[in-house]
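Working notes for the structure below.
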Amino acid sequence: MQKEDLRIVFMGTPEFAVGTLKALVDGGYNVVAVVTQPDKPVGRHAEIREPDVKVYAKAHNIPVLQPVKMKDENFLEELRSYKADIQVVVAYRMLPEVVWAMPRFGTFNVHAALLPQYRGAAPINWAIMNGETVTGVTTFFLDHDIDTGRIIQQKEFIIPDDADLEYVYDGLMNLGAEIAVETLDSIIKGNGHVETMQQSDMITDEKVLHNAPKLYKDNCKIDWHQPLKSIYDFIRGLSPVPGAWADVLMPNGNMVEMKFYKTCKTNISSGDNTVGSFVKEKKHCYIACADCLLELISIQPAGKKRMDALAFANGIR
């Protein structure tokens, strides 16, 4: 089988998925259609925005399907009409069996973690938030449960101690495109067959599994009673979006809600400072954690723009 003969339907929505779609198109693979989320209103003026994947597909004359419901008969009929041999999914929604079982070679997903670790909607964030030094990407065949299917390939990615979400996101987007191409090549070489591994065989009693649930405001809140290193990792795993936040005790006794984008670790003891309080010493700003002071570099007080922490401190009356 040649790659031009393999009919591929690609499913994805955000910029992260575009990296893989572009790699397939540039590599000469036969992408016959794209499935993505419906257009949606964004911003204060509710302007209708097309998903990044749709924008790319339109620019390359690839048919686009945008179902509201995945089990809608009209959508299923149209999807069948493309006679896909395989479906490739990157950063999309959960698929019903009638969809993922449709192609003769099945459907595989590119997941931004080393499964079975970090199953869920926000694997990149949670890996950084938990202080992991290594993450990666996994291709696996979809089955009935979320992120539990048979693993095809994995690639590791090193997380530097000072890396934020943006750095790891970009790295995994490129690595995800690479592993998707390699997975397709393996499937083509095997005429639709490829060796896989059950995730259950990779789980031991000694191995603690971490999940990656969807991010909401509540689970993006900082607990200042945690050690400095845990808070530092938590902040960089949510920077620049959606942003870690917390209430901060100011020197005048007021509480101010703010987001945190860039911080630095220190070995300075928090001493007698109240946990979660704002501390300014000369040209440096800190927050008192359970053990040490966390230096603030870039923050965003509620109702204001993102700013330098020292500029904020100098503006306090």
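The values are calculated or read from the model by the stated rules, or taken from the named source; none is laboratory data. Just so we're clear, the structure is a prediction, and the values are computed from it rather than from any experiment. Note: ideal-geometry Cβ built from the backbone for every residue, glycine included; neighbour counts use all protein chains shown. Only protein heavy atoms, including side chains, enter the accessible area calculation; ligands, DNA and RNA are left aside. Shrake-Rupley method; radii C 1.70, N 1.55, O 1.52, S 1.80 Å.
Here are some notes:
- Segment 1-54: relative contact order in percent, alpha carbon pairs under 8 Å with at least 6 residues between: 40 percent
- For the chain, with all protein chains in place and a probe radius of 1.4 Å, 49% of the accessible heavy-atom surface sits on carbon or sulfur.
- Share of pairwise Cα separations in segment 186-276, more than 18 Å, in percent: 64 percent
- Placed amide H near residue 49: partners under 5 Å, 5+ positions off or other chain: 40, 42
- Taking the convex hull of Cα positions in segment 1-52, its mean projected area over all directions (nm²): 3.9 nm²
- Averaging over all projection directions, the Cα-based convex hull of segment 62-198 occupies 8.7 nm² in the image plane.
- Counting only protein heavy atoms and a 1.4 Å probe, the chain has 51 square angstrom of accessible area per residue.
- Sorting 230-241, 66-77 by average packing, meaning the other beta carbons within 10 Å per residue, from highest down gives 230-241, 66-77.
- Peptides 105-111, 206-212 ordered by packing proxy, namely the average of other Cβ atoms within 10 Å per residue, highest first: 105-111, 206-212.
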